[in-house]
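Visitor: The structure's right below; bear with me while I get my questions together.
Values quoted throughout were computed directly from the atomic coordinates according to the rules given, and no laboratory measurement underlies them. It should be emphasised that the depicted structure is a prediction, and the values quoted were computed from it without experimental measurement. Glycine gets a Cβ as well: all are built from the backbone with ideal geometry, and neighbour counts include every protein chain shown.
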């Protein structure tokens, strides 16, 4: 388990000692005296401002700045039984987390949800084969007030135990065992796959294939199922199927296998934009022009989709919106334990760009 502290919390009852400063650290009594309020009022003011007048709150804020008051996190925890920390749990290798822009977008969204709070975000990453019990013990050991789980796999059964143990937990992406009381934020991946299939069929392609994501992840499984159902509805069949790991290199290797087995392929649906970049690179190396020879559709609508050559047609995966919503929902559940908000599912939407554009000559022929 890799743990990274990404924000620092403030706003606790008593001042922490300043190591090595040689100066007296201002106490809560000092703060109250400087602000001209009682100790209890000063405590309430720095712990959220409940039942404190605007005037007293402003006086305490000014005194905090003037005295250089540093709150004591441990003291606040004893009073509130809260840690002012939440965890973002990513059951993926740290190298994958650092290289995939998907995770940067998730962190950005959650941080936005925490912007007006004193809550810190703890990032937990784990590799396959790591001691899952260690992560679970940390999360259930009173170190955090809640958790957001993203990019979970079917074998990550320990994630189911988080909510069962009473820890407020929100999943980004539908978990495999999404029963009653499990809260998640997701996009309609099934409809996204169907949109890709309908778009490819409307272009008149007859040998469509797909580079699917990991079969042990619900997003990849739903996108593949939607794609296959969409093709069947259009009277087509999946010309070829290869699995990859949501990385560019994985998409590249899968495309090599796909074209070796099905050289007649004239359209490829990649289950992520990163994999679609790998698809485009292999097609270019083989002299297969996009979109004249092969149409390509990705999934995510990452910023990189507009910068590929040609620009990538893709299905929107509103990750920032979902991450902000997940963070907000978690904060709400921490304030009202046991409420378990209903799942939130965003609709799928296709963005058409040059990778599926119809060439002028083809348009004239169809006319």
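Visitor: Suppose the chain between residue 345 and residue 257 were pulled fully straight at 0.36 nm per residue; how much longer would it get relative to their current alpha carbon spacing?
Guide: Contour length minus the Cα-Cα distance gives 28.3 nm.
Visitor: Applying 1/(1 + (r/R0)^6) with R0 = 35 Å to the Cβ-Cβ distance of residue 229 and residue 336, what FRET efficiency is obtained, to the nearest 0.05?
Guide: So the FRET efficiency works out to roughly 0.35.
Visitor: While we're on this one: For the range 219-344, what does the convex hull of the Cα positions come to per residue, in cubic angstrom?
Guide: Hull volume normalised by residue count: 120 Å³.
Visitor: Taking the simple approach of a point 7 Å from Cα along Cα-to-Cβ for both residue 241 and residue 320, what is their distance in nm?
Guide: Result: 3.5 nm between the two label points.
Visitor: What is the gain in length, in nm to one decimal, between residue 111 and residue 176 on full extension, counting 0.36 nm per residue of separation less the C-alpha to C-alpha distance?
Guide: Full extension of this stretch gives 20.8 nm more.
Visitor: Right, here's the next one. From the Cα gyration tensor of the range 185-244, with a ≥ b ≥ c the square roots of its eigenvalues, which class applies: rounded if a/c is under 1.5, or else prolate if a/b is larger than b/c, or else oblate?
Guide: Oblate, because a/c is 1.5 or more while a/b does not exceed b/c.
Visitor: Please sort 141-151, 26-36, 339-349 by packing, taking for each peptide the average over its residues of neighbouring beta carbons within 10 angstrom, highest first.
Guide: Output ranking for 141-151, 26-36, 339-349: 141-151, 26-36, 339-349.
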